[in-house]
Amino acid sequence: MGGIFSCSSTSVPRPEGYFRIELPEKNYIKSNGFCGPKFEIPVYSVVEDVKSSKKDVCWYNVRFPSFNARLHCTDVILEDNLETLIQDAQDLVFSHEHKANGISRIRVINEQTDGGARGVLYHLGGPVATPIQFFVTDSTEHFLRGSLYFDNRPNPDSTAPVLARLLSDVEHFMRTVSWD
């Protein structure tokens, strides 16, 4: 009696793979926001105007097309409300605390300008909508707040190299902000 034998082995499922992300070189250019601040942005980003109905508030985005991300920026003229604006910025950061795996802070000072704009850069770990948030101010006239959004649902594991680059880029942006 003959039999049929197979030489195949048991199939094993392969782990899910992700695209390799090529990061561009770090180079920065000077840019003007639409409402007065000057700063440096990566050459692979563009500044977009966002219409505002309020005359003391300016909105714009720094878009990163190759990363499918944008940094929403809000520039506000101070009117004896610095403490309130800082508290609001911190409340927005910590409203993501239940989803974040951790929140780290980096204090940032622009020592190249008179008075030195100062701020805090927040990195929120895990599956959060805005993994990078910040505020920077000259403490007398201007307050700038920003949040990074991806245009798709990010996977923290696959976007880690991009997020590290954008964290560095936002810190550079903050260190170069000036209101002349």
Problem set entry | Matching residues, region 110-127, being closer than 18 Å to residue 166 by Cα, surrounded by fewer than 19 Cβ atoms within 10 Å (Cβ to Cβ) and at pLDDT below 95 | 125, 126, 127
Exercise. Quick one: which of 31, 11 is out of contact with any Gly (no Cβ under 8 Å at 6 or more places or on another chain), more than 22 Å from residue 159 (Cβ to Cβ) and either outside any strand (DSSP E or B) or at pLDDT below 75 (or both)?
Worked result: 11
Exercise. Do the conditions hold for residue 144, that is, is it at pLDDT 90 or above, out of contact with any His (no Cβ under 9 Å at 6 or more places or on another chain) and not in a loop (DSSP other than H, G, I, E, B)?
Worked result: yes
Problem set entry | One residue from 128, 76, 93, 108 being outside any strand (DSSP E or B), in contact (Cβ under 8 Å) with a residue 12 or more places away in the chain and in contact with a Phe, Trp or Tyr (Cβ under 9 Å, 6 or more places away or on another chain) | 93
Problem set entry | residue 136 being assigned to a strand (DSSP E or B), closer than 13 Å to residue 173 by Cα, in contact (Cβ under 8 Å) with a residue 60 or more places away in the chain and touching a Leu at 6+ places or on another chain (Cβ under 8 Å) | no
For this session: Scan region 33-73 residue by residue and report those that are buried (at least 16 other Cβ atoms within 10 Å of the Cβ), without any contact (Cβ under 8 Å) to a residue 24 or more places away in the chain and either of a type in the set (Gly, Ala, Ser) or farther than 19 Å from residue 143 by Cβ (or both).
Result: 44, 63
For this session: Among what's in region 96-105 and is part of a strand (DSSP E or B) and not β-branched (Val, Ile, Thr), pick the residue that is farthest from residue 123 (Cα to Cα).
Result: 102
Exercise. Taking only pairs six or more apart or across chains, which ones have beta-carbon atoms under 7 Å, a first residue in region 159-180 that is within 13 Å of residue 147 (Cα to Cα), and a second residue that is of a type in the set (Phe, Trp, Tyr) and part of a helix (DSSP H, G or I)?
Worked result: 166/67
For this session: Output yes when any residue across region 76-84 is under 21 Å from residue 167 (Cβ atoms) and either modelled with pLDDT of 95 or more or surrounded by 13 or more Cβ atoms within 10 Å (Cβ to Cβ) (or both), and no when none is.
Result: no
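The values are calculated or read from the model by the stated rules, or taken from the named source; none is laboratory data. Only a predicted model underlies this, so the values are computations on that prediction, with no experimental measurement involved. When we count neighbours, we look across all protein chains shown, and the Cβ atoms used for this are built from the backbone with ideal geometry, even at glycine.
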